[in-house]
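Colleague: The following block contains the structure, expressed as structure tokens.
The values are calculated or read from the model by the stated rules, or taken from the named source; none is laboratory data. Quantities reported herein were computed from a predicted structural model and do not represent experimental measurements. Don't worry about glycine lacking a Cβ; one is built from the backbone with ideal geometry, like all the others, and counts go over all protein chains shown.
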Amino acid sequence: MPRPTALVVRRALSEPLLLVAVFGAILLATTTLVGLSVYATSVVDAGVRRTLETVPVETAGTVVNAPVHAGTFAATDRALRAQLAETYAGLPVAVTVSGQSGSYAMPGQERGSRPELLRFGTQQGLAEHARLVRGAWPGTRTETVEAAISGTVARDTGMAVGDSFTVEGRLDKSKVRVKIVGVFELREPRSGRWAGQPLLTRGVEIGGYVTHGPLMMAEPVFLDRFVAGTSASWLAVPDLRSLPRERLRPLATEVGALQGVLRTRPGCEGCSLSTRLPERLNQLATATLVARSTMLVPVLQLLLLAAYALTLTARLLADHRRTETALLRSRGAGAVRLALLAAGEALLVALPCAALAPPLALPLLRAVNAGASDTPIDVGVDLAAYVVAVAVALGCAVLMTLPALGGTRRTYVAEQTARGRGQRYGPLQRAGADVALLGVAALAVWQLRHYGAPVTATAGGELGIDPLIVAGPAVALLCGGVIGLRVVPPVSRIAERLASRRADLAPALGAWQVSRRPGRYSGPALLLTMAIAIGVVSMATTATWRDSQEDQARHQAGADLRVAAPPENAELGPLGRAAAYASLPGVTSLSPAYQSGTELAGAEATLLAVDGSELPGMLKLRPDLSDETVGALARGLTAARPRLPGLTVPGRPERLLVRTRLTVEDPGLTEVYGNAALTLTVVDAEGVRYPVRFLPGLGERETALDLTPLRGRNGRLSYPLTVAAIVADVPLPTRGTGFGVAVLGVTTGEGARVTVPEGTKLAHGVTTTTAKERGFATGEGLFSASFAAPPVRDPFDAVAPQRLTVTPVAEDADEGTVFSGEGTPQGAYLGPLPVVLTADLAARLRLTTGTTSKLTFDRRTTVVRVAGIVDGLPGTAPGVPAVLLDWQTMQAWDLLTHHTLRVPTEWWLGTGGAETTGAAAELGRHPGWETTVVDLSSLAEGLRDDPLAGGLRGALTLGFLAALAFAVLGFVVNAAVAARERTAEFAILRALGVGFRQVFALLAVEQAFLIGLSLAAGTAVAVVVASLVVPYIVLTGQAAAVTPRVLLDIPWAATLGLLVTVAVLLFAIVAVLARVLRRRGAGGVLRIGEDR
């Protein structure tokens, strides 16, 4: 016998077709699996890198506060910087220190009872983050302190560059001579860098006192003059861009323990620390784990398909060589020798694939990434890629060797005897292995649906990848395909019976051939079924993930644009925002909104109030989340709006004049009752209410109310204005007297009178009856009311003033039903309060749509009517029960129950579905408005551009293309080998007068059975597996379930296109094989007398 190496080479080259097929299968398997492994690593690293690059300062930063004075600052600063450098070892860290002094009275107000105040401060690196508008940065002079102020401080106080003045401390009465040398503006006032310094960003704080500042100075001057009795703040911001993903959790642990470590260092015993970095790093570590687990799904699917395709090709080769193997054995070749020959042949093909696969994977990955992901991902080949390639190639060699070992003990006679009618079922099916596989798949799918993710908690309490769950989709696809093979024999028998009734030869002969040897078609049928199933599941996963990202963005946003801002803002006042936001590019509708925590019948919930009339075109509620349409919900919410028109304010005034008369019976109590306040609730055209509170004083007075602060410097009032109510405080001192209050008239600055609308009357109500009402009249002016002296109380028993609320109502209204006192539900004039509840809250309270119930809502007894129930409320936090109210109804509810009116916490803007980036960009050009924007377009773009999600789409695309390639390759090899083995059969048919068209029809019938059954079975398996699996592998980056719930999306048009394309391609292959057979002469084949 020839030398082993030569024999291996000659044996391999003797079957060039099968050799090429095997080489192609191994190269395809090695290349795609190497590509997926490289791609998965690159995607995870890119996701981590992108996330770390965009971590905001307020999240990445660590703020350390410590009490200091001039003697301890240096030691504290050294100890803190040393510990921060040790904690963030290997990462660049920028540490800046800041501080603010105690309060100083404004110049000239030192002796006032409530002076406006000033503060001094220092900020390391301020010049790098601010723009000098005028003057220069402060120097280090200490005799006359040099200071720089923000533009806001300059406008509010009138200070200018060159001004010098002396200020006095509120506590120690120390005097400081100050000179203003510069005016600056922060480059990014909304940056998280200034999160703990509202005075620096706003320039003013309004509370018990009005405080301006801080007046910024050089650090040495601050330490020398102002550090006593104060605290300093250090902000440490690490550069996380170079942080490897392996260090995410360790660094989170180290930063989390930083405060305890700091307090062990001399000089830092009093340090306190705040940071959100550990939480963010742990979230990112979880996200990488989720990404890796999700990326394993297409890898395992492809691995299983590649293994089966290679096994099928190896089995064809082994079957083709059964006679040759038997002859070698009869000539003395033992089982070991034959096994070595098979292994040597497999290695001869596999090892070159290991070398070629990594270079070939690179262009493939770049092409897939360009088509599947919106974010470029850098991919490269390293040593790990070659290790994977070698491992895959060796695994393929083993799979190539195993089928050949099955015939090493058969003799030539045994091989000839084994030929004949094939078994209808394979040995694994006869042993019931497919049923066992079904049990494994069912267990994996059950675990996935039970845990809701391929990531579960380990025994140690940490998250880890569950191998059974990750393998579940692949096992389910294989199980579906294997079980589908059980229908091949019965279907083939039915086809044979139907075809035999026809006179045509080709259909009858083709159906008979399939029925005679169904096992021959089982292998390629399973391969094609799995490939189609993988393709359809991949498309369904991609489409479902994309739709879920859109749904998540819409649900998080709630509306096209949500804008939040502080209640008080000098640039844009509370009543100036409607006009400013309405003028933003693309905005077509807007509504004030209020969102806050509340309680409903003891259950914690989120309260959301939006103008119900604007909901239909604004609320991004997915239709399946409610049985009612958004329009129906809006009609239910606005159905109970009471008629509260308010007092008509004519024209477009910016000033109101209020004539009042306050009287007391006991002149000795004038000081107590002289501080009684009145409040006008001013409402703009968008329904935004704002209380304007003033102290009119005793006697008959006229008070001018300036409305310009309500619009702010850059705002514009939305006219017409109304006065929704007038509220008078009735003092309740421990010893009181009779008290009278009258509003004689309200006029605009232009002299026009504010009047009661026609068809209405003024109704009034009081919060308590402590000071009994003597009378209420509307004859003189707008109204007048008088109250008796309250009962004498203990001097230490302080109570809030009694409030009188006056508002216009319908003329025929029963005044006794308008207002409600404390502890009683709202009156009939308001009626039941319409609410929309989330399903979890409704189930807890056992409420259904249309039911009315009296319960405690927002800490007051309220009658509510359920206008609708939704599974989730857009714009609120996921997983938290929520209540939706109509904005105007909520305002009326607050007014008629004597509760403080709520100002908008945010604004909801609609763009009619158009892009919102223009409006968001315009808001960004006004940093002084201090807005926080939730932009639907940016949210959706951010989710689409997530490298982790885009990487999964790329992996699914690569796996899908590889699956089709394996299916086509397996089909071609099987069809070619089968046709080659049946050459004599076809030659006999030709000799008997069967034409080429009939031979082609015979092949077409056989292959149509295989193709049609595989396409139908593959689609059916994909639909079942996708419905069971796909909604549970679409997760957030923190391994949490998606809100709103995932809806499976099978793109049927694309699926049909895939099936048609595959069918056309495979039938084209059959046509080519038939043409090749036609070119071979029948005479030569018949003279040979053998298939070969």
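Colleague: Assess whether residue 897 counts as being within 21 Å of residue 828 (Cα to Cα), in contact (Cβ under 8 Å) with a residue 12 or more places away in the chain and among the hydroxyl-bearing types (Ser, Thr, Tyr).
Modeller: yes
Colleague: Here's a follow-up. Within the stretch 923-964, which residues are modelled with pLDDT under 85 and not in a helix (DSSP H, G or I)?
Modeller: The answer is 930, 945, 946.
Colleague: Within the stretch 1050-1063, can one find any residue that is under 19 Å from the mean Cα position of the chain (by Cα), under 28 Å from residue 557 (Cβ atoms) and touching a residue at least 12 places away in the same chain (Cβ under 8 Å)?
Modeller: Within the stretch 1050-1063 (the criterion being under 19 Å from the mean Cα position of the chain (by Cα), under 28 Å from residue 557 (Cβ atoms) and touching a residue at least 12 places away in the same chain (Cβ under 8 Å)), the answer is no, since none of the residues qualifies.
Colleague: Criterion first (on the phi < 0 side of the Ramachandran plot, buried (at least 17 other Cβ atoms within 10 Å of the Cβ) and of a type outside the set (Val, Ile, Thr)) does residue 874 satisfy it?
Modeller: Against the criterion (on the phi < 0 side of the Ramachandran plot, buried (at least 17 other Cβ atoms within 10 Å of the Cβ) and of a type outside the set (Val, Ile, Thr)), residue 874 qualifies.
Colleague: Within the group 579, 525, 609, 559, which residue is in a strand (DSSP E or B) and not aromatic (Phe, Trp, Tyr)?
Modeller: 609
Colleague: If you don't mind, there's one more thing I want to ask. Given (1) under 54 Å from the mean Cα position of the chain (by Cα); (2) part of a loop (DSSP other than H, G, I, E, B); (3) within 23 Å of residue 899 (Cα to Cα); (4) not acidic (Asp, Glu), identify the lone condition not met by residue 726.
Modeller: Only one criterion is unmet by residue 726, namely (2).
Colleague: Separate question: Mind checking which residues of the stretch 265-281 are surrounded by 18 or more Cβ atoms within 10 Å (Cβ to Cβ) and not basic (Lys, Arg)?
Modeller: Scanning the stretch 265-281 gives 267, 268, 271, 273, 275, 277, 278, 281.
Quick grid of which residues meet (1) modelled with pLDDT under 75; (2) under 45 Å from the mean Cα position of the chain (by Cα); (3) acidic (Asp, Glu):
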site: 324; (1), (2), (3): yes, no, yes
site: 327; (1), (2), (3): yes, no, no
site: 337; (1), (2), (3): yes, no, no
site: 366; (1), (2), (3): no, yes, no
site: 382; (1), (2), (3): no, yes, yes
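Colleague: Taking residue 310 as the residue in question, decide whether it is surrounded by fewer than 20 Cβ atoms within 10 Å (Cβ to Cβ), assigned by TED's automatic domain parsing to the domain that holds residue 964 and modelled with pLDDT of 80 or more.
Modeller: Values: surrounded by fewer than 20 Cβ atoms within 10 Å (Cβ to Cβ): no; assigned by TED's automatic domain parsing to the domain that holds residue 964: yes; modelled with pLDDT of 80 or more: yes.
So residue 310 does not fit the description; no.
Colleague: Could you check the stretch 850-906 for strands (runs of 3 or more DSSP E) lying wholly inside it with 2 or more residues that are within 30 Å of residue 554 (Cα to Cα) and touching a strand residue (DSSP E or B) at 6+ places or on another chain (Cβ under 8 Å)?
Modeller: On the way: elements: 852-857, 860-870, 882-886.
Filter on the stretch 850-906 gives 860-870, 882-886.
For every residue, the table says whether it meets (1) part of a loop (DSSP other than H, G, I, E, B); (2) within 29 Å of residue 927 (Cα to Cα).
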site	(1), (2)
657	no, no
669	no, no
691	no, yes
701	no, no
704	no, no
717	yes, yes
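Colleague: Could you check the stretch 564-584 and list, in sequence order, the residues that are of a type in the set (A, V, I, L, M, F, W, C) and either more than 18 Å from residue 920 (Cα to Cα) or out of contact with any Phe, Trp or Tyr (no Cβ under 7 Å at 6 or more places or on another chain) (or both)?
Modeller: 564, 570, 575, 578, 579, 580, 582, 584
Colleague: While we're on this one: Looking at the stretch 143-179, which of its residues are hydrophobic (A, V, I, L, M, F, W, C) and either modelled with pLDDT under 85 or touching a Cys at 6+ places or on another chain (Cβ under 7 Å) (or both)?
Modeller: Once the filter is applied, which keeps residues that are hydrophobic (A, V, I, L, M, F, W, C) and either modelled with pLDDT under 85 or touching a Cys at 6+ places or on another chain (Cβ under 7 Å) (or both), the stretch 143-179 yields only 171.
Colleague: Then there is this: Checking the structure you have, find out if any residue of the stretch 222-235 is without any contact (Cβ under 8 Å) to a residue 12 or more places away in the chain and not in a loop (DSSP other than H, G, I, E, B).
Modeller: No, that holds for no residue.
Colleague: Please find, among 814, 794, 871, 840, the residue that is touching a residue at least 12 places away in the same chain (Cβ under 8 Å), touching a helix residue (DSSP H, G or I) at 6+ places or on another chain (Cβ under 7 Å) and charged (D, E, K, R). Working first, answer last.
Modeller: Details: 814 fails: touching a helix residue (DSSP H, G or I) at 6+ places or on another chain (Cβ under 7 Å); 794 fails: touching a helix residue (DSSP H, G or I) at 6+ places or on another chain (Cβ under 7 Å); 840 fails: touching a helix residue (DSSP H, G or I) at 6+ places or on another chain (Cβ under 7 Å).
Going through 814, 794, 871, 840 in turn, the sole match is 871.
Colleague: Filtering the stretch 606-637 down to residues that are modelled with pLDDT of 90 or more and small (Gly, Ala, Ser), which residue is nearest to the chain's Cα centre (by Cα)?
Modeller: The selected residue is 626.
Colleague: Can you name the residue in the stretch 552-569 that is surrounded by 20 or more Cβ atoms within 10 Å (Cβ to Cβ) and out of contact with any strand residue (DSSP E or B) (no Cβ under 9 Å at 6 or more places or on another chain) and is also farthest from residue 914 (Cα to Cα) among such residues?
Modeller: Taking the stretch 552-569 and keeping what is surrounded by 20 or more Cβ atoms within 10 Å (Cβ to Cβ), we get 552-563, 565, 569.
With out of contact with any strand residue (DSSP E or B) (no Cβ under 9 Å at 6 or more places or on another chain) added as a condition, the list becomes 552-555, 569.
Values: 552: 18, 553: 15, 554: 13, 555: 17, 569: 29 Å.
Across the stretch 552-569, the extreme among qualifying residues is 569.
Colleague: Sort through 279, 254 and tell me the only one that's acidic (Asp, Glu) and over 20 Å from residue 44 (Cα atoms).
Modeller: Working: 279 fails: over 20 Å from residue 44 (Cα atoms).
One residue alone meets the criteria, 254.
Colleague: May I ask you to verify whether residue 219 is surrounded by 14 or more Cβ atoms within 10 Å (Cβ to Cβ), charged (D, E, K, R) and either over 27 Å from residue 85 (Cβ atoms) or free of Cβ contacts under 8 Å to residues at least 12 places away in the same chain (or both)? I'd like the intermediate steps shown before the answer.
Modeller: Numbers: surrounded by 14 or more Cβ atoms within 10 Å (Cβ to Cβ): yes; charged (D, E, K, R): yes; either over 27 Å from residue 85 (Cβ atoms) or free of Cβ contacts under 8 Å to residues at least 12 places away in the same chain (or both): no.
No: the conditions fail for residue 219.
Colleague: Does the stretch 583-594 contain any residue that is surrounded by fewer than 21 Cβ atoms within 10 Å (Cβ to Cβ), among the hydroxyl-bearing types (Ser, Thr, Tyr), out of contact with any Cys (no Cβ under 7 Å at 6 or more places or on another chain) and under 27 Å from residue 841 (Cβ atoms)?
Modeller: Yes; the residues of the stretch 583-594 include at least one that is surrounded by fewer than 21 Cβ atoms within 10 Å (Cβ to Cβ), among the hydroxyl-bearing types (Ser, Thr, Tyr), out of contact with any Cys (no Cβ under 7 Å at 6 or more places or on another chain) and under 27 Å from residue 841 (Cβ atoms).
Colleague: Across the stretch 147-158, what is the total count of residues that are hydrophobic (A, V, I, L, M, F, W, C), out of contact with any Pro (no Cβ under 8 Å at 6 or more places or on another chain) and under 17 Å from residue 101 (Cβ atoms)? Talk me through it step by step, then tell me what you get.
Modeller: Residues of the stretch 147-158 that are hydrophobic (A, V, I, L, M, F, W, C), as a first pass: 147-149, 153-154.
Imposing the further condition that a residue be out of contact with any Pro (no Cβ under 8 Å at 6 or more places or on another chain) reduces the set to 149, 153-154.
Adding the requirement that they be under 17 Å from residue 101 (Cβ atoms) leaves 149, 153.
Going through the stretch 147-158 one residue at a time, the tally reaches 2.
Colleague: Just checking, does the stretch 1028-1040 include any residue being assigned to a helix (DSSP H, G or I), assigned by TED's automatic domain parsing to the domain that holds residue 473, over 30 Å from residue 871 (Cα atoms) and in contact with a Ser or Thr (Cβ under 8 Å, 6 or more places away or on another chain)?
Modeller: no
Colleague: Inspect the stretch 639-650 for any residue being over 30 Å from residue 616 (Cα atoms) and under 52 Å from the mean Cα position of the chain (by Cα) and give the result as yes or no.
Modeller: The answer is yes; a qualifying residue exists.
Colleague: Yes or no: residue 1056 surrounded by 15 or more Cβ atoms within 10 Å (Cβ to Cβ) and either modelled with pLDDT of 90 or more or charged (D, E, K, R) (or both)?
Modeller: no
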